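Quick one: the structure is below, questions incoming.
The values are calculated or read from the model by the stated rules, or taken from the named source; none is laboratory data. In this text the structure is predicted, and so the values were computed from the model without any measurement. A quick note on method: Cβ atoms are made from the backbone with ideal geometry, for glycine too, and the neighbour counts reach across all protein chains shown. SASA here: full protein model, heavy atoms, side chains in, ligands and nucleic acids out. Shrake-Rupley method; radii C 1.70, N 1.55, O 1.52, S 1.80 Å.
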Amino acid sequence: MQINYLKLAAAVGVFSSLLASSAGADTLRMAYSAAPSTVDPFKSSASPTASLNEHIYEALVSRTDQPLLATSYEWQDNTTLLFHLREGVTFHNGAAFTAQDVVYSACRMMYRVDGKKNMLTSAMSPVTDVKVIDDHTVAFTTLKAYPVLPEKLKSLSILSASQADFTVPLQYDNTGDCGITRYPTRAQFESGEMANGTGKYTLESFANTGDADLVRNPNHWSDGGNWDRVEIRSVKNSGARMAGLLAGDFNLVENPTMEDLESLKDDAAYSSTSTPSWRTIFLILDVGSEQAPGVTAADGSNPLADLRVRKALSLAVNREAIVERLMGGMATVASQFSPSYREGADPTMPDLTYDPEQAKALLAEAGYATGIKMELNVPNDRYINGTRVAQAIAQYFTRVGIEVSLKAEPWSVFKKGRKNRDFGVFMYGWGHPQGAAQMISYAFASRNKDLNLGVSNYSNYHNADFDAAMEKWAVETDKQASHGYLQAAMQVAVDELPGIPLYYQHSIWAHDSNLTVVGRPDERTFADMVSPK
Amino acid sequence: MPMSTIKRMSNILWHQYKTIFAHYPLALMGLVGVGLFILVALLAPWIAPQNPYDLMTLDIMDGLLPPMSKLGTGTTAWLGTDAVGRDILSTVMYGLRISLFVAFSAVIVGTILGVLLGLLAALKGGWIETIIMRAVDLKVSFPGILLALMLLAMFGTGVDKVIYALIIGTWASKARLTRSSALSEMQKEYIDAARLAGLANWRIMLRFLLPNSIAPVLVMLPMSLSGAIGAEATLSFLGVGVPITEPSLGLLIANGNDYLLSGKWWISIVPGLVLVALVLCINVVADRIREHNNPFLQPRG
Amino acid sequence: MLIYIAKRMWQSLILAFIMSLIVFMGMFVVGDPVEMLADEDFTEQDKIDLAIELGLDKPLYEQYFTFAGNILQGDFGVSYVHNRPVLELIIERLPATLEIALLAMFIGLSIGIPMGIYSGIKSSSKPSRLISFLTTVGYSIPNFWQALLLILVFAVFLKWLPASGRGDTNPLFGIEWSLLSIDGLRHMALPAINLAIYKICMQTRLAKSGTQEVLYQEYMTFARAKGISKQRIIRRHLLRNILIPIVTITGLEVGGLIAFSTVTETVFAWPGIGKLLLDSIHMVDRPVVVAYLILITLMFVFINFVVDVLYAILDPRIRYQK
């Protein structure tokens, strides 16, 4: 049975590629800034891989809360999440999509292929059961209140149960056994043989260099993809990527540098699209340690423990100048640690201000008018214009009397340093795919294993009010109420500054000017963001 | 040292200089160029309009200004500024300083190390030679980027770490070269004579082998120098070079690359041209010296 | 001779062992694979589980013994990032590097040798001086900058050639080659030129100095005195004599091109092993880096061995052992 499906899929593929070559103009060629590593949707959540996989597979709900394979969902009670599934959906191989496929996908997510965990396994650990209610209703049951589950499940790409052997009905368990006698192998997934989703595009070929060719899925439940054919390549060097656009190799490239964009301004053949993303760039300050690594004061204390110093640091930075001069206007001055436009955040919080005189006064008042020495750690190959921003911050801190030495290191070295808590002050970015509370719940809450709070509290920050608000947020399934707790916690964080919010990064795409691009805030590049004008 | 010796030495040098460079205008130009670059590098702190290391005077509001613009401090940026507001002219002068310092230190130390190990290998033979020569092989197959990254991860960023990486990159070829010329030298009778006379190994090495087999290495020195400048630039381009707050020419080029397409050519082109000019001058001199030392390469006609 | 070969083989195995040890520890210093692979929202437990999966929970020496034991059984391990056998990855990427390296070398030899012979024979002529100056310029431009300038000129301003990627490939012996398609050749052009410029300069110089050296030899004077035509002298005597050092150096240079075209491959997004190495170093993908460098070490040992033998043939004074 399965083999027939495969043949059918192959036939569809060949047919549509024939179609595509006859209508060559409807090909979209995109250049990613990093290479997708696999077409197994559960192996990696890294942006390029997830971007590619989104063409092939769909989740129940999109990352921007649009209904995909589920038309709606609700919490039946504190521990039961119901999804109502779309009817009339078929997989690329022709199999019909039902609730069983959701259970199967959950099983596959928990199943350790070659003994290796998939990306959502810990996020799904509170899930005790995934049950078929009827063909188009499925229920997730959790051990305890787990309000972020719908957010987490946005990464659960739905696969077709037809690819495995099992005895009906599937019985979910968190080892992924589920009564399944045979899963497709890792190799079958990685080669693309099992790349069978419901997405707008079917996979034609995938090479381990990350190159992928896709063709339009003519049977998609919506009116389907915008393009007959999509070719995804990856070019790491931004200059070469941009040159590829200008040379006509690509129709669209992601993450051009601000500088390159200026060269497009005079050229009518190209334009660019910039969309505020969910990524905040900020500094993390070690406020809780006796001695913050790399930060010293004349009197031997940890100056970062003093709120006045932290306020001074925040006031010393001219965020607007950074946004205008270094980011070419393609960033938004921060008012808090999550983007103010991210769901759940309070959009009315005022932007953080620049006042070097007050900063100096605060430092003097705290007894640190001079004598603070600070190492500022920053990855040199990670964030848009990251090292330049870091140099600007070093300038600003220097001007209020802090002696800064800037340490820019490759991401691998930087990450190891951060893990070893070698940094008193470092620059970092957080993408907030799961809502406005994500970063602060990880970075500023006291460690709470049960509620999964404070996992990466490199600030060593502990505040009772903040923790109380976060603990309530962590178990609240009512959206309004949960937003209230989140905003209360955020207010504490912005008042107390265990870190310094800087700006919200924008995602940028440079493309042929005959294309319309509706950018996404989650830093992914998807063919259907793009349409011919 | 008595006056007469100095006089004699300088006479020899002058004579050497004349035979090498007289009648070779290109090589002479190269030599003058190298001299000028070194002078600028040495005098940078006094002649540069701005101190690009002083974060107090830098301002991103002065960033990306085209050549001839006025900075907030009132100085004129003759060659424009980069994104963080550094005057390109000043930064290039300081960058020249870093590039030359790094390359000179690395080549000098690397060469001394390489020559000594090469001599040792030739003289001792046996397992010592095996170890040294296999270490040379090892170095050849070890990528510089990984080496630099390892040093950076272990000891942090810094100009000195780049020098260490380059020393490790330099010594091997010198050791190989010295060993092979020392081996030829050792076939000669005077070494046997010295051995028979009961001279200690290290004396033979320093007294006879060193002066007689060092010529090919010395001839290669300028080439190594320009090679080291290029290697440092590449490491900086790959993000494992000198610190961003003390940019070398290579790092300046890498920085400016982002702006090449945008019409802000001065950020990358100026340091790029200076680097190429510097390396070119050194290479022209190097060529001439090599030519001079190879009797077969005398141009005829 | 046999003993010598056996000895060198033994030494090269030790060398590969030392290399693996250094790189193994080096990669440990450079970063933590778990940190690189972990998502931002991984908990401590997730990271511990991941470390166990990758075998990174054990002490370093134990990890090394496991690794070395596997290698002795021909198993080079599985890439952390790509989740595939390392050897498979390297072999898959090798053709792309081989074809670009060989094309660059071919360009270097076919332009460099004639230019070198010409300027060796007519070393004082104007064109010869120009050639000699141009080769010096070619030597002096840093490779990465040259690559970006090439892209700027030929891909962006003139739009003649694509700036990145490998283009279409066609199969031969079951391997995909860009050399065999027009689109592929167009994609190869810029990276190959970028690698070739340096090689042209080098080969020109080698050929030039070789030519001048040969022209001085007595038999050349003799041949000329005998009235043999210039064409014939060049073909019969000159070429054969200057080829020896060129072949020697070329061997090493091809090795270098294959192993470390990292910068060129990265700038032009050419999917060869050099790019694989650089990406793997940045991602702390230890199995790939260690296996890669072991293989490269063995390759260089082999090339060096051949070179040494050639040296020995050229200069009998150099001995094998004391």
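State which entries of A:K43/C:K47; A:K415/C:K275; C:K126/C:K208; A:K144/A:K200; B:K7/B:K174 exceed 24 angstrom in Cα-Cα distance in the structure shown.
Violating the 24 Å Cα-Cα cut-off are A:K144/A:K200; B:K7/B:K174.
Where in the stretch A:270-361 are there GluC sites (Glu not before Pro) that are in a DSSP coil and have at most 12 other Cβ atoms within 10 angstrom of their Cβ?
A:E290
Of the chymotrypsin sites (Phe, Trp or Tyr not before Pro) in the stretch B:157-229, which ones lie in a loop per DSSP and count no more than 10 other C-beta atoms within 10 Å?
Here no loop site has a sparse enough neighbourhood.
Using DSSP H assignments, which helices in chain A have an axial alpha-carbon span of 27 Å or above and a mean Kyte-Doolittle hydropathy of -1.0 or higher?
A:2-22
Can you pull the percent of the protein assembly as shown's accessible area that's carbon plus sulfur, 1.4 Å probe, other chains left in place?
62
Oh, and also: Please compute the average number of Cβ atoms from other chains found within 10 Å of each residue's Cβ in peptide C:151-158.
Taking all residues of C:151-158 together, the mean is 5.
Cα atoms only, the stretch B:26-292: Rg and Dmax in Å?
Reported Rg and Dmax, both Å: 22.0, 75.
Can you quote the Å³ per residue value for the convex hull of the Cα atoms in the stretch C:98-149, rounded to an integer?
Cα convex hull per residue, to the nearest whole number: 80 Å³.
Starting from the Kirkwood radius over alpha-carbon pairs of the stretch A:183-228, derive D by Stokes-Einstein at 10 °C in a medium of 1.306 mPa s and give it in µm² s⁻¹.
139
Still on this structure: If you bin the C-alpha pair distances of chain A every 10 Å from 0, what whole percents do you get?
Taking every Cα pair in chain A, the percentages come to 4, 17, 26, 25, 18, 8, 2, 0.
Next question, about the same structure. For chain C, report the accessible area per residue in Å² (1.4 Å probe, heavy atoms, rounded to an integer).
45
Under the rule of -39500 (n - 2.57) per DSSP H run of 4 or more residues, summed and divided by the residues of chain A, what mean residue ellipticity at 222 nm is obtained, to the nearest 500 deg cm²/dmol?
Computed ellipticity for chain A at 222 nm equals -8000 deg cm²/dmol.
For q = 0.12, 0.21, 0.25, 0.28 Å⁻¹, what log10 I(q)/I(0) does the stretch C:151-225 give under the Debye formula with an equal point scatterer on each alpha carbon and no solvent?
Values, matching the q order: -0.57, -0.92, -1.06, -1.11.
Next up: Relative to 2.2 N^0.38 Å, what does the C-alpha radius of gyration of the protein assembly as shown come to as a ratio? Two decimals please.
1.00
Further question: Can you list the residues in the stretch A:184-215 whose accessible area drops by at least 10 Å² when all protein chains are present, compared with the chain alone? Use a 1.4 Å probe, heavy atoms only.
In the stretch A:184-215, residues shielded by partner chains: A:R186, A:E190, A:N208, A:T209.
Using only helices, what value at 222 nm comes out for chain B when you add -39,500 (n - 2.57) per DSSP H run of length 4 or more and divide by the total residues, to the nearest 500 deg cm²/dmol?
After summing the helix terms and dividing by residue count, I get -23500 deg cm²/dmol.
Report the charge-dipole magnitude of the protein assembly as shown in Debye, nearest 20, computed about the Cα centre from +1 at each Lys and Arg Cβ and -1 at each Asp and Glu Cβ.
6820
Can you tell me which of B:214-221, A:312-319 comes out highest on packing, and rank the rest after it, using the mean Cβ neighbours within 10 Å?
Ranked from most to least packed, the peptides come out as A:312-319, B:214-221.
Give the cross-link partners of B:K70 among the lysines, using a straight C-alpha distance below 29 Å as the criterion and excluding same-chain residues fewer than 8 apart.
Straight-distance partners of B:K70: A:K265, A:K360, B:K264.
In the stretch C:125-141, which residues become less accessible by 50 Å² or more once every protein chain is in place, relative to the chain on its own, using a 1.4 Å probe?
C:F133, C:T136, C:S140
In addition: Against the empirical 2.2 N^0.38 Å scaling, what ratio does the C-alpha Rg of the stretch B:1-114 come to?
It is 1.50.
A follow-up question, please. Averaged per residue, what accessible area in Å² does the stretch A:333-469 show with a 1.4 Å probe, protein chains only?
33
What Cys residues in the protein assembly as shown have no fellow cysteine's beta-carbon under 4.7 angstrom?
Singleton cysteines: B:C281, C:C201.
Taking the radius of gyration and the Kirkwood hydrodynamic radius from Cα positions alone, what is the Rg/Rh ratio for the stretch A:380-430, to two decimal places?
Across the stretch A:380-430, the Cα-based Rg/Rh ratio is 0.97.
Over all alpha-carbon pairs in the stretch A:301-389, figure out the percentage whose distance exceeds 16 Å.
That tail contains 65 percent of the Cα-Cα pairs.
State the Cα centre-to-centre distance between the stretch C:119-145 and the stretch B:75-108 in whole Å.
Value for the Cα centre distance between the two parts: 28 Å.
Still on this model: What's the average, rounded to a whole number, of partner chain beta-carbon atoms within 10 Å of each residue's beta-carbon in A:372-381?
Per residue, the number of nearby Cβ atoms from other chains is 1 on average.
What accessible area per residue, rounded to a whole number of Å², is obtained for the stretch A:223-286 using a probe radius of 1.4 Å?
Accessible area per residue: 29 Å².
Put one equal scatterer on each alpha carbon of the stretch B:45-181, apply the Debye formula with no solvent term, and list log10 I(q)/I(0) at q = 0.09, 0.18, 0.22 1/Å to two decimals.
Ignoring solvent entirely, the Cα scatterers give -0.44, -0.94, -1.15.
Work out the mean other chain Cβ neighbour count within 10 Å for the residues of A:446-452 and drop it here as an integer.
1
For chain C, what ratio Rg/Rh do Cα atoms give with a Kirkwood hydrodynamic radius?
Rg divided by Rh gives 1.05.
Kirkwood hydrodynamic radius for the stretch A:70-183: how many Å is it when counted over pairs of different Cα atoms?
Its Kirkwood hydrodynamic radius stands at 14.2 Å.
For the pair C and A, how large is the buried accessible area, both sides, in square angstrom to the nearest 100, if the probe is 1.4 Å?
3500
Where in chain C are the helices, taken as whole DSSP H runs, whose Cα atoms extend 27 angstrom or more along the long axis and whose Kyte-Doolittle mean reaches at least 0.5?
Helix filter hits for chain C: C:2-30, C:86-121, C:239-260, C:286-314.
Using only Cα atoms, tell me the angle between helix B:159-186 and the longest principal axis of chain B; keep it within 0 to 90° and round to the nearest 10.
20
Distance between the C-alpha centers of the stretch A:422-447 and the stretch B:216-282? Whole Å please.
38
C plus B alone minus the pair: what accessible area, both sides summed, probe 1.4 Å, in Å² to 100?
4700
Using protein chains only (no ligands, no nucleic acids) and a 1.4 Å probe, work out which residues of the stretch B:39-87 have their accessible area cut by at least 10 Å² relative to the chain alone.
B:L55, B:M56, B:L58, B:D59, B:I60, B:M61, B:G63, B:L64, B:A83, B:V84, B:R86
Over all directions, the average projected area of the alpha-carbon convex hull for the stretch A:276-506 comes to how many nm²?
For the Cα atoms of the stretch A:276-506, the hull's average projected area reads 11.4 nm².
Which order do the peptides A:65-77, A:150-162, A:182-194 take when ranked by the mean count of other beta-carbon atoms within 10 Å per residue, highest first?
My ranking of the peptides, most packed first, is A:150-162, A:182-194, A:65-77.
As a test of the definition: with a 1.4 Å probe, what buried accessible area, both sides summed, do you compute for A against B, in Å² to the nearest 100?
Roughly 2500 Å².
Once Rh is set to the Kirkwood radius over Cα pairs, what Stokes-Einstein translational diffusion coefficient, in µm²/s, holds for the stretch C:34-165 at a temperature of 10 °C and a viscosity of 1.306 mPa s?
The estimated diffusion coefficient comes to 78 µm²/s.
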